[in-house]
Amino acid sequence: MGPANWTAVTEIVLVGIPTTPELGVFLFLLFLSAYMVTVLGNLLIIMLICLDYRLHSPMYFFLSHFSFSEILTTTCVVPRMLANFLSETKSVSFHECFTQLCFYFLFGSTEFIFFAIMSYDRYVAICQPLRYPTILTRSLCAQLVTIAWFGSFFLILPSILLRTRLPYCGPNIIDHFFCDSAPFLHLACADVTFIELLDFIVSLVLLISSLAMTIISYVCVISTILKIPSGKGRKKAFSTCASHFTVVSMGYGISIFVYVQPTQKRSLQLNKILFVLSSVVTPLLNPFIFSLRNETMKRALSESLGRVQSFTKDLRVIPVMNSNPCRSWS
């Protein structure tokens, strides 16, 4: 097709799962529930970290930013997916689709940088506990968080700029729940080999480098823990790392399989399943993993709930001194 015959794509149809109206309503309610639990659970973690002085440490500071990035990543894709479950056309504008793609990979990349940062935090805390306050100072923590948020932006920026220069002539159908990188890229009426290679390199640099740092940190952590003579001490040390290690395993396992490949043509049905796992199921489980496997978080949550109940009881027993407040002015 020559340039003169190109028709610019202005609207994109997200096929997702072909459903009946009844199934669409069921899936809408199912994923809406998962989305609400994800957002509320991560917001609860952030609030506890902000309000409880025992959680004012680098470990929980990084966890609060990670929880915030989880909320943003999920919010990039799930609301549109929910709308499509109830829509007959399942269409979005080209610009909305492109914006969703950009923000999804921006916030998703940020999460992997936080994985590496949080593993380094556990390394310092367990392998060099006496130097922990002097190494992870408030200034260094702020710098690491800044690197996570802005580093991911500059990492994906070249690929995004190259995509803006491509001509998109369709077809305008993406067989997915959201505007994923590979199917969106193949709407272009141009050779996208270089951009695919660039995406592969960026994914490789981000995932493999952050994974390597995480593995090295945890090898040092595990070797240090095994040297602890007390069984109780080993158990306590392992418990502080178990939550992070569980989340890291799920996050890297799915993302490396999906994105670290030279060519991005693979089973669309498999991509959909992995997308649901990485963007819905994993963020849904993370608040429970971090709160239920962490004794400090559980105590902070329990005490906060106790204070709320006590405050509610106090409100109930406050005597009504004057049933008509305006009477005092007469």
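For this structure, a couple of remarks:
- Residue selected from segment 59-80 under the condition more than 12 Å from the chain's Cα centre (by Cα) and open to solvent by 20 Å² or more (accessible area, probe 1.4 Å), by the criterion farthest from residue 32 (Cα to Cα): 59
- Selection within segment 133-148 - part of a helix (DSSP H, G or I) and either touching a residue at least 40 places away in the same chain (Cβ under 8 Å) or of a type in the set (A, V, I, L, M) (or both): 135, 140, 141, 142, 144, 145, 147, 148
- Scanning segment 175-201 for residues that are over 28 Å from residue 90 (Cβ atoms) and either hydroxyl-bearing (Ser, Thr, Tyr) or open to solvent by less than 30 Å² (accessible area, probe 1.4 Å) (or both) yields a single hit, 193.
- Residue that is modelled with the lowest pLDDT [pool: residues in segment 234-278 that are among the hydroxyl-bearing types (Ser, Thr, Tyr) and over 30 Å from residue 222 (Cβ atoms)]: 263
- Test: residue 33 is within 21 Å of residue 241 (Cα to Cα) and either at pLDDT 90 or above or among the basic types (Lys, Arg) (or both): no
- Sole exception among (1) assigned to a helix (DSSP H, G or I); (2) in contact with a Lys or Arg (Cβ under 8 Å, 6 or more places away or on another chain); (3) modelled with pLDDT under 90 for residue 98, by number: (3)
- Considering the conditions (1) more than 22 Å from residue 274 (Cβ to Cβ); (2) open to solvent by less than 50 Å² (accessible area, probe 1.4 Å); (3) at pLDDT 90 or above, residue 170 is excluded by exactly one of them, (3).
- Pairs, first among the hydroxyl-bearing types (Ser, Thr, Tyr) in segment 160-188, second surrounded by 15 or more Cβ atoms within 10 Å (Cβ to Cβ), C-beta under 6 Å, six or more apart: 168/9; 168/187; 168/188
- Filtering 114, 103, 68 for residues that are in contact with a Cys (Cβ under 6 Å, 6 or more places away or on another chain) and at pLDDT 90 or above leaves a single hit, 103.
- Filtered residue count, segment 221-233, keeping only those that are in contact with a helix residue (DSSP H, G or I) (Cβ under 7 Å, 6 or more places away or on another chain) and either closer than 24 Å to residue 110 by Cα or at pLDDT below 70 (or both): 1
- Listed conditions (1) farther than 25 Å from residue 149 by Cβ; (2) open to solvent by 70 Å² or more (accessible area, probe 1.4 Å) are all met by residue 40, apart from (1).
- Scan of segment 11-34 for residues that are farther than 21 Å from residue 91 by Cα and touching a helix residue (DSSP H, G or I) at 6+ places or on another chain (Cβ under 7 Å), ordered by number: 34
The values are calculated or read from the model by the stated rules, or taken from the named source; none is laboratory data. If you're wondering where the values come from, they're calculated on a predicted model, not measured in any experiment. We place every Cβ from the backbone using ideal geometry, glycine too, and count neighbours over all the protein chains shown. Ligands, DNA and RNA are stripped out before the accessible areas are found, and what is left, the full protein with its side chains, is counted by its heavy atoms. Shrake-Rupley method; radii C 1.70, N 1.55, O 1.52, S 1.80 Å.
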